[in-house]
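The values are calculated or read from the model by the stated rules, or taken from the named source; none is laboratory data. These numbers were taken from a predicted model, which means no experiment stands behind them. FYI the Cβ positions are ideal-geometry reconstructions off the backbone, even for glycines, and counts take in every protein chain you see.
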Amino acid sequence: MQQVPAAVHQAIEELTFESQGVKMIALGNYALDFKARFVFLGFTKNGNKVILGDIHTSGPDGVKYKKRFGAIELRHNSQIVAGQVVPYIYWQLTTDGSRYSETVLEVAN
């Protein structure tokens, strides 16, 4: 597995926000046009995954969640620019089961 650069970790940190005193991150749904919020619990020791909290209740007593993981992966794709096929390389954060994902950082080609 490829080592995740510090710039990708920084980009993920920049996607987080504070809500109800808890650090959160919003990830897009794979098939639908909405984002789901997860508790952001940090990175695994090797830095290739993030630790997330899948929220099942939220209220005055705080946020309750089930721990899950998200993979940080280097993805390759292509796009058409001015009639030419151009490689498109990017880092993506994807939850286990690939239901939610977010492009974290584009790599210059």
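Inside region 71-91, residues that are among the aliphatic types (A, V, I, L, M), closer than 17 Å to V4 by Cα and without any contact (Cβ under 8 Å) to a residue 60 or more places away in the chain make up a count of 2. One residue stands out in region 22-70 among those that are under 26 Å from Q3 (Cβ atoms), surrounded by 11 or more Cβ atoms within 10 Å (Cβ to Cβ) and charged (D, E, K, R): the one that is nearest to the chain's Cα centre (by Cα), namely K49. Restricting attention to region 1-31 and to residues that are among the charged types (D, E, K, R) and out of contact with any Phe, Trp or Tyr (no Cβ under 8 Å at 6 or more places or on another chain), the residue that is farthest from N46 (Cα to Cα) turns out to be E18.
Here's the yes/no breakdown for (1) modelled with pLDDT of 85 or more; (2) part of a strand (DSSP E or B):
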residue	(1), (2)
M1	no, no
A31	no, no
F38	yes, yes
G42	yes, yes
G47	yes, no
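Of all residues in region 18-71, exactly one satisfies the criterion of being of a type in the set (S, T, N, Q) and closer than 16 Å to G97 by Cβ, namely N29. For region 12-21, state whether one or more residues are of a type in the set (A, V, I, L, M), surrounded by 13 or more Cβ atoms within 10 Å (Cβ to Cβ) and part of a helix (DSSP H, G or I). Within region 12-21 (the criterion being of a type in the set (A, V, I, L, M), surrounded by 13 or more Cβ atoms within 10 Å (Cβ to Cβ) and part of a helix (DSSP H, G or I)), the answer is yes, since at least one residue qualifies. The set of residues from region 71-94 being over 15 Å from the mean Cα position of the chain (by Cα) and β-branched (V, I, T) comprises I80, V81, V85, V86, I89.
Scanning region 1-36 for residues that are in contact with a Ser or Thr (Cβ under 7 Å, 6 or more places away or on another chain) and either in contact (Cβ under 8 Å) with a residue 60 or more places away in the chain or closer than 15 Å to F69 by Cα (or both) yields M24, I25, L27, G28, Y30.
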